[in-house]
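Have a look at the structure below, then the notes.
The values are calculated or read from the model by the stated rules, or taken from the named source; none is laboratory data. The shown structure was predicted, so the numbers you read here are calculated from the model rather than taken from an experiment. Heads up, the Cβs are rebuilt from the backbone with ideal geometry, glycines too, and the neighbour counts pull from every protein chain shown.
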C-alpha cells in the first residue's frame, strides 16, 4: 500500500459506524496492473491467491463484504467472477468473492454515515475515477457522503474524461497521459476548490504530482468529519 493512512482512515470509519473489520491473512495485489499489461497468467495467479484467502475466511468465520478503497482494484475484484468463469476449480470461489466485493463509498452509505465534528465549509472538487464511474457505475454515493460530511462538493467539468493515470497508461503513454492530466487540472481549477477528492490512489498520485490544490482520498475527508484527524495532505 503506497499510502497506509488511507487504510487507517478506512478502518476507523468502518469501525466507528458499527462494522467489524477483519484483515484477512494472505491478501496481496489484486492483479489489475498485470492484467492491464496483458500478463494474464501473472494476473490470474495473483487473483487466485486472493480468492483462496477470502474463501477460507468466508468458510471459517464468514464475510458479509470485501471492502475495497481503491476503485481500480475494486473493478478488477468485482470482475473475478467473469475472469474465472471457465475455470472449474476457481469459478465458485471467484463468484463468491465478486459478489461480496464493495467499494468503500457503497458500504459507508449502507452504514448511515453522519458527521460528528465540525469541519471548515471547504469546496471539494470530486474527481470520479474511470474505474469507479465507468467500471463500477458508482456515480451518486461519493457526492452524497461528502455533502453529509459538511463539504461543498462540486462535480468536475468533463468529469467523464480520464485524468491520464489509467493504471499503466501513464507509464506506457506518458505524452498523452500528460495531455489528459493538463485538461483535467484545467477543469478542476475552473472550480477554484480548496481540496480535490478521489477514490482511487492512482488518480490521487497522478493528479497530486502536478496540482497546486491538495488531493485527498475521500475516506480521509469522511474520517475527518466523523471524528478522525485532518488529512495530512491538507496544509492549511
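Overview of values
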item	result
Tabulated pairs, region 8-28, first without any contact (Cβ under 8 Å) to a residue 24 or more places away in the chain, second in a loop (DSSP other than H, G, I, E, B), C-beta under 7 angstrom, 6+ apart or interchain	11/21; 15/21
Selected residue [crowded, with 20+ Cβ neighbours inside 10 Å and at negative phi] from 98, 43	43
Residue in region 183-190 that is in a helix (DSSP H, G or I), in contact with a strand residue (DSSP E or B) (Cβ under 6 Å, 6 or more places away or on another chain) and assigned by TED's automatic domain parsing to the domain that holds residue 126 present	yes
Residue list for region 197-234, restricted to those being touching a helix residue (DSSP H, G or I) at 6+ places or on another chain (Cβ under 6 Å) and in a strand (DSSP E or B)	197, 198, 215, 217
Complete set of residues in region 1-18 that are under 22 Å from residue 75 (Cβ atoms) and outside any helix (DSSP H, G or I)	1, 2, 3
Every residue from region 53-68 that is out of contact with any strand residue (DSSP E or B) (no Cβ under 7 Å at 6 or more places or on another chain) and surrounded by 15 or more Cβ atoms within 10 Å (Cβ to Cβ)	53, 55, 57, 58, 63
Number of positions in region 71-98 that are under 19 Å from residue 199 (Cβ atoms) and in contact (Cβ under 8 Å) with a residue 40 or more places away in the chain	8
Residue 106 vs. criteria within 29 Å of residue 145 (Cβ to Cβ) and touching a residue at least 24 places away in the same chain (Cβ under 8 Å)	yes
Region 101-112, subset surrounded by fewer than 21 Cβ atoms within 10 Å (Cβ to Cβ) and within 13 Å of residue 17 (Cβ to Cβ), residue modelled with the lowest pLDDT	112
Single residue of region 121-132 satisfying the filter (touching a residue at least 60 places away in the same chain (Cβ under 8 Å) and out of contact with any helix residue (DSSP H, G or I) (no Cβ under 8 Å at 6 or more places or on another chain)) that is farthest from residue 228 (Cα to Cα)	123
Condition broken by residue 38, with the remaining ones in (1) surrounded by fewer than 21 Cβ atoms within 10 Å (Cβ to Cβ); (2) in contact (Cβ under 8 Å) with a residue 24 or more places away in the chain; (3) under 19 Å from residue 202 (Cβ atoms) satisfied	(2)
Criterion: over 18 Å from the mean Cα position of the chain (by Cα) and at positive phi - qualifying residue of 164, 227	227
Pick from region 144-158, criterion closer than 11 Å to residue 126 by Cβ and assigned to a loop (DSSP other than H, G, I, E, B), ranking: farthest from the chain's Cα centre (by Cα)	151
